[in-house]
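What follows is a short report on a single structure.
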Amino acid sequence: MKRSKIFAMLFMICSVGFSQSKDVECVKFRDGFDKFPIPGKGTITLLDGTKIKGEFKQGTLVKFDKWQWYDTKGEVHEIKKKEVERVDFYPDEKFVDKDIEININLSVGNKTTGDVGQKDLPFNIKQFKDFDQEKYYKPLILERVVKSVNGKGKESADLMLLVNNGFDSKYKVYVPLGAHQISYGRDLNIPGMIMGIGQEMGDYYKAVRVKKVGETQSRVIKYPGGIPFLFGKFRNQEFVDLFGSNPDFMQCYPKSFKRKFKYTPEFFWVYNQK
């Protein structure tokens, strides 16, 4: 009887503590898109530097493996994907699935958006809450990303989605079309209630391709599972490889346990300003 009363009291205390605390949202990359092309307007830049402003119209978007792109004069350009260097694109909102729209409003369990607080990073930098997500994340930006270069100098490359629009002056982060983010810390759970301080929450991709500005080839970093996780593959190896040349940044995360893979959007946000 005594044990049940003690448990009930602890549960009530934790519940009250949880209800009085705000959940914290982390820095996040832009959401992915399932497929491309879709109807919308923008500019396609070819490998030779030619820029064609126009649109994809509703109807036949791809014909015989060629994009059907209409310029501003109404002329159709049949473009092969391998000929494209970059796409700056604003999708027609009528054709964007609800689950891949810009996700600014959030809810946790039975909480409303007002119960979610933006994480204030303890560094002397611009905070993510002041970042204009609507401005930078609304356009879809595809760029040709070099994945590998063989011994003869031949490049293997593909068009990928840029996901750190607006804070990509040092590193550009990409994912393939169709990639989806994983959410964490958004469910009402016992650990969060026991802590009584709300939960840290955010979104991350399990794998991203990263290219340092000025370099040709990109590299893959991904969530380390099993033995790689135990040996600190991301925390102690890839993290240092990516950011170790910047002592100002490294002072922000001097301890390995602060370098969690799920905080990758935060790391690139901070590094871009340090």
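The values are calculated or read from the model by the stated rules, or taken from the named source; none is laboratory data. Computed from a predicted structure; not experimentally measured. Note: ideal-geometry Cβ built from the backbone for every residue, glycine included; neighbour counts use all protein chains shown. Just so you know, the surface numbers come from the protein's heavy atoms only, side chains and all, with ligands and any DNA or RNA stripped out. Shrake-Rupley method; radii C 1.70, N 1.55, O 1.52, S 1.80 Å.
Going Cα to Cα from Lys119, which aspartates and glutamates come in below 14 Å? Please leave out same-chain ones fewer than 8 positions away.
The reachable aspartates and glutamates, counting only those whose Cα sits under 14 Å from Lys119, are Asp23, Glu25, Asp130, Glu200, Asp203, Glu266.
Efficiency by 1/(1 + (r/R0)^6): what FRET value for Thr216 and His77, r their Cβ-Cβ distance, R0 = 25 Å, to the nearest 0.05?
It comes to 0.35.
From largest to smallest, what semi-axes in whole angstrom does segment 24-80 give when each is the square root of 5 times an eigenvalue of its alpha carbon gyration tensor?
Over the Cα atoms of segment 24-80, the ellipsoid semi-axes are 27, 14, 11 Å.
Quick one: give the max-minus-min coordinate of the C-alpha atoms of segment 228-274 along each principal axis, largest first, in Å.
Dimensions of segment 228-274 along the principal axes of its Cα atoms: 30, 18, 15 Å.
Obtain the radius of gyration and the Kirkwood radius of segment 140-189 from its C-alpha atoms and give Rg over Rh. Each step should come with its number before you reach the end.
On the way: Rg = 15.3 Å, Rh = 13.3 Å.
Ratio value, two decimals: 1.15.
At a 1.4 Å probe radius, carbon and sulfur cover how many percent of the accessible area of segment 202-274?
Working: 2010 of 3730 Å².
Summing carbon and sulfur atoms, their accessible area is 54 percent of the total for segment 202-274.
Sorted by average packing, counted as other Cβ atoms within 10 angstrom per residue and highest first, what order do 207-213, 243-249, 160-166, 224-230 take? Don't skip to the answer; put the middle values down first.
Working: 207-213: 17.3, 243-249: 13.6, 160-166: 21.7, 224-230: 11.4.
Ranked from most to least packed, the peptides come out as 160-166, 207-213, 243-249, 224-230.
Past 20 Å, Cα to Cα, is the threshold; run Lys94/Lys172; Lys53/Lys80; Lys28/Lys206 against it and keep the listed order.
Long pairs (Cα-Cα over 20 Å): Lys94/Lys172.
From the backbone phi of segment 209-215, what are the Karplus-calculated ³J(HN,Hα) couplings (6.51 cos²θ - 1.76 cosθ + 1.60, θ = phi - 60°) in whole Hz, Gly and Pro given as x?
Residue by residue, segment 209-215 yields 10, 10, 10, 6, 4, x, 9 Hz.
As an exercise, use a Förster radius of 25 Å and the Cβ-Cβ distance of Tyr90 and Asp130 to find the FRET efficiency, rounded to the nearest 0.05. Before the final figure, lay out the partial values.
Values: r = 23 Å, r/R0 = 0.93.
After rounding, the FRET efficiency stands at 0.60.
Can you work out the accessible area per residue across segment 227-274, with the rest of the protein chains kept in place, probe 1.4 Å, in square angstrom?
Numbers: 2460 Å² over 48 residues.
Dividing the accessible area of segment 227-274 by its residue count gives 51 Å².
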